[in-house]
1. Among the residues that make up region A:165-188, is at least one of them farther than 22 Å from A:ASN147 by Cβ, away from DNA strand D (no atom under 14 Å from the Cβ), touching a residue at least 12 places away in the same chain (Cβ under 8 Å) and out of contact with any helix residue (DSSP H, G or I) (no Cβ under 9 Å at 6 or more places or on another chain)?
2. Do we have B:GLY75 as surrounded by fewer than 16 Cβ atoms within 10 Å (Cβ to Cβ), more than 14 Å from the chain's Cα centre (by Cα) and within 13 Å of another protein chain (Cβ to nearest Cβ) here?
3. What pairs come out if I take residues in region B:202-223 that are outside the structural domain of B:THR168 (by TED's automatic domain parsing) and pair them with residues that are of a type outside the set (Lys, Arg) and more than 9 Å from DNA strand C (Cβ to nearest atom) whose C-beta lies under 7 Å away, six or more apart or interchain?
4. Identify all residues within region A:200-236 that are within 11 Å of DNA strand D (Cβ to nearest atom), of a type outside the set (Phe, Trp, Tyr) and under 17 Å from A:GLU165 (Cβ atoms); write none if there are none.
5. Find the residue count for region B:58-100, including only residues that are polar (S, T, N, Q) and more than 22 Å from B:ALA46 (Cα to Cα).
6. Quick one: how many residues across region A:38-51 are within 11 Å of another protein chain (Cβ to nearest Cβ) and either among the aromatic types (Phe, Trp, Tyr) or without any contact (Cβ under 8 Å) to a residue 60 or more places away in the chain (or both)?
7. How many of the residues making up region B:12-28 are assigned to a loop (DSSP other than H, G, I, E, B) and at pLDDT 95 or above?
2 protein chains.
Amino acid sequence: MSSVSPTQIAYLGAEPILVAVDCIVFGFDGSKLKLLIFKREVDPLAGRWSLIGSFVKKNEGITEAASRVLSELSGIEDIYMEQLHCYGNPQRDSGARVISVAYWSLIKVDPNRTNFHIKNHISTWIDIDAMPGLVLDHSKMVIMAINRLKERAMHKPIGFELIPEIFTLPQLLNVYEAIFQRDIDDRNFRKKIMKSGLLIKTDYKDKSTSKKGSFLYKFNDKRYKELSEIGYNFEI
Amino acid sequence: MSSVSPTQIAYLGAEPILVAVDCIVFGFDGSKLKLLIFKREVDPLAGRWSLIGSFVKKNEGITEAASRVLSELSGIEDIYMEQLHCYGNPQRDSGARVISVAYWSLIKVDPNRTNFHIKNHISTWIDIDAMPGLVLDHSKMVIMAINRLKERAMHKPIGFELIPEIFTLPQLLNVYEAIFQRDIDDRNFRKKIMKSGLLIKTDYKDKSTSKKGSFLYKFNDKRYKELSEIGYNFEI
DNA sequence: ATCTTTAAACGTAAAAATTACGTTTAAAGA
DNA sequence: TCTTTAAACGTAATTTTTACGTTTAAAGAT
């Protein structure tokens with residue numbers, strides 16, 4: 001005598017699928033926007049350039065999976081990361097039915113450091129305007145990520161995620177020029193960014209690029225949060 | 001004597017997961033933005049309000065799955081639809097590990113028509129400002145979808161997707177007021193929308209709301225495409 | 001025929017934001 | 001003290017946005 005439910009069970013007949021995450025990792029070398037890519041080590045398509053990714057484990061969130069990949073390869077924990085899009089064409093991976101959730105991220109590249117590894121994958125930073133073909137639909141992902149980055153940089157202060165905590169105005173200008181791939185008038189840029197009140201000027205100068213030296217600033221996170229709460233929108 | 005590959009196979013050890021799509025369906029009744037929700041018929045949580053969704057089949061794309069759901073319920077084929085976000089918290093569905101890819105869509109509601117069904121699911125249109133609690137993380141999805149809709153409506157001419165092919169300016173104004181949930185100055189709205197050159201004025205008037213009647217317009221898809229190609233950005 | 005009523009349609013002036021562009025300044029090295 | 005060079009600063013013209021009042025078309029009442 002078992003109790004009988006009049007309803008069906010939601011999961012009856014549902015077919016499980018492999019789920020992966022892929023990470024688009026952007027960096028900035030001082031003048032150009034860079035993308036971190038990897039030599040694929042597994043078949044099919046071993047030896048070809050690829051984004052870094054991983055399958056999502058049974059008891060792991062997708063965001064956690066992406067975070068895991070990023071921290072494994074960089075050793076850094078607090079990386080700016082956003083979900084980009086979920087790619088689910090049944091033909092996208094010829095080897096198996098895999099859907100992939102792509103995440104894009106911004107990291108503060110130390111130009112001296114090139115050893116971004118997961119295990120012994122070979123990686124390299126490439127200019128975003130000199131991208132080689134990537135495996136599967138990874139090139140498509142990158143293009144979408146670049147567009148999303150531009151869109152986001154227009155409305156949120158994320159340029160700061162690509163440069164050191166302490167930076168100069170010319171440095172900040174350079175990031176935005178790299179992101180938007182166009183020249184920005186430095187006088188207008190200065191006015192706009194200073195008017196926002198989001199930069200804290202330090203007493204120090206970076207003299208590596210000029211005799212005069214350029215004042216160092218830091219981003220005012222606290223003020224940005226306060227402003228955001230009362231409906232402020234950052235705009236470049 | 002079998003050929004031995006020195007590389008591993010990508011899929012070894014990967015754990016398959018259930019993948020679903022959920023659809024946020026927006027409509028417009030002439031004055032308010034509406035959301036289409038359904039009485040859930042399957043356990044767990046049978047009887048509670050829910051978005052409409054489906055599991056993704058083994059050989060079906062995720063976009064196709066979402067399109068399938070939308071056309072099954074509406075009978076309409078060309079519905080404006082965008083991917084929203086992929087939700088993958090392992091605790092989001094207590095019954096099984098399911099990741100869900102949410103899609104949001106805009107449909108031209110015939111106010112007389114209320115019978116949106118999949119099989120015999122009960123559905124209803126509700127005001128977006130009077131949303132009942134929904135199952136799982138569906139309320140979160142709706143909130144995100146409303147924000148995305150506002151964002152999109154600001155930069156793309158999607159207000160048109162919620163009203164008939166032929167419409168009046170006051171009608172169009174009303175859609176945008178409903179989307180942005182604020183009053184819009186009709187004189188400024190007129191100027192902006194007419195300046196874009198994206199409306200084709202017809203010789204006909206809709207006299208249902210006034211003695212004078214209001215001219216009917218249609219959206220100029222062709223011109224919009226042309227403008228988009230040369231870098232035009234629609235803005236409200 | 002004229003008057004009343006009401007949503008639709010139109011216009012203009014002030015304020016704010018954006019764009020374009022030239023000059024001065026600080027510090028090092030000759 | 002002169003030269004050099006990136007950094008820093010300022011202003012006027014243009015464009016966009018905002019705010020708000022008046023006229024018009026057509027139906028229905030008198």
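The values are calculated or read from the model by the stated rules, or taken from the named source; none is laboratory data. Just so it is clear, the structure is predicted and the values come from calculations on it, not from any experiment. All Cβ positions, glycine included, derive from the backbone under ideal geometry; neighbour counts span all protein chains shown.
1. Yes - at least one qualifying residue is present in region A:165-188.
2. For B:GLY75, the condition - surrounded by fewer than 16 Cβ atoms within 10 Å (Cβ to Cβ), more than 14 Å from the chain's Cα centre (by Cα) and within 13 Å of another protein chain (Cβ to nearest Cβ) - is not met.
3. Every condition considered, no pair remains.
4. The answer is A:LYS201, A:THR202, A:LYS205, A:ASP206, A:SER208, A:SER214, A:LEU216.
5. Residues in region B:58-100 being polar (S, T, N, Q) and more than 22 Å from B:ALA46 (Cα to Cα): 6 in total.
6. Residues in region A:38-51 being within 11 Å of another protein chain (Cβ to nearest Cβ) and either among the aromatic types (Phe, Trp, Tyr) or without any contact (Cβ under 8 Å) to a residue 60 or more places away in the chain (or both): 5 in total.
7. 3
For every residue, the table says whether it meets (1) within 14 Å of chain B (Cβ to nearest Cβ); (2) within 15 Å of A:SER123 (Cβ to Cβ).
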residue	(1), (2)
A:THR7	yes, no
A:ILE17	yes, no
A:ASP22	yes, yes
A:VAL25	no, yes
A:SER31	no, no
A:GLY53	yes, yes
A:GLU64	yes, no
